[in-house]
Amino acid sequence: MKYLTTLLTLILFLTLNINQGFSQITYNEWETTNVTDEFGDPTGDTVDRLFVEGTFSNSATRDSDLTVKFVDYGDGLVIELYEYDRSPANLCLSDGCFGYFPIRDASGETHKIEAFAGSSTGLYVSDDRDKLLEILNNSEEVRFVIYEDKFESDYGRAVYRFTVAPK
């Protein structure tokens with residue numbers, strides 16, 4: 001019984017900490033943050049990041065909460081999708097796969113962005129990084145739709161929808 005109580009307390013603690021992390025961030029504003037090493041110490045490098053909210057749907061849920069984090073490393077941009085605002089989405093079960101997703105700018109023009117989906121690292125945009133950042137910086141609003149099956153995935157048919165409208 002003591003083991004069960006300890007386990008339930010630990011699960012509750014971890015769930016609260018995960019959810020609290022996203023409740024304290026600023027959405028729709030690019031910010032510069034320090035990069036830290038595996039020990040949590042600053043490396044002296046910085047990255048720009050942006051958080052936005054959206055929804056996702058799959059065979060088990062419809063229009064559930066999604067938090068999206070963009071991180072610009074200079075040579076590439078990573079887009080991390082957090083289902084239910086806490087669990088990172090995996091678009092590939094393997095070591096990774098290539099694919100694309102459409103975005104639509106405020107003028108209504110649709111653009112195709114190519115990316116690599118790592119097994120647990122989100123979407124990595126390298127060749128289309130400059131194109132994506134130019135669209136994000138020059139449009140009042142950019143709508144994203146990411147279809148899991150556009151990434152050579154046999155895993156599922158999830159759809160992620162979100163809008164970037166930086167302040």
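The values are calculated or read from the model by the stated rules, or taken from the named source; none is laboratory data. Just so it is clear, the structure is predicted and the values come from calculations on it, not from any experiment. We place every Cβ from the backbone using ideal geometry, glycine too, and count neighbours over all the protein chains shown.
Quick notes on this structure:
- Some residue of region 135-150 being touching an Asp or Glu at 6+ places or on another chain (Cβ under 7 Å), in a helix (DSSP H, G or I) and at pLDDT 95 or above: yes
- Segments classed as strands (runs of 3 or more DSSP E), wholly inside region 41-109, with at least 3 members that are without any contact (Cβ under 8 Å) to a residue 60 or more places away in the chain and more than 18 Å from Arg161 (Cβ to Cβ): 42-57, 96-104
- Scanning region 116-135 for residues that are free of Cβ contacts under 8 Å to residues at least 40 places away in the same chain and out of contact with any Phe, Trp or Tyr (no Cβ under 6 Å at 6 or more places or on another chain) gives Gly118, Ser119, Ser120, Asp127, Asp128, Asp130, Lys131, Glu134, Ile135.
- Of all residues in region 87-112 being over 15 Å from the mean Cα position of the chain (by Cα) and of a type in the set (A, V, I, L, M, F, W, C), the one that is modelled with the highest pLDDT: Ala106
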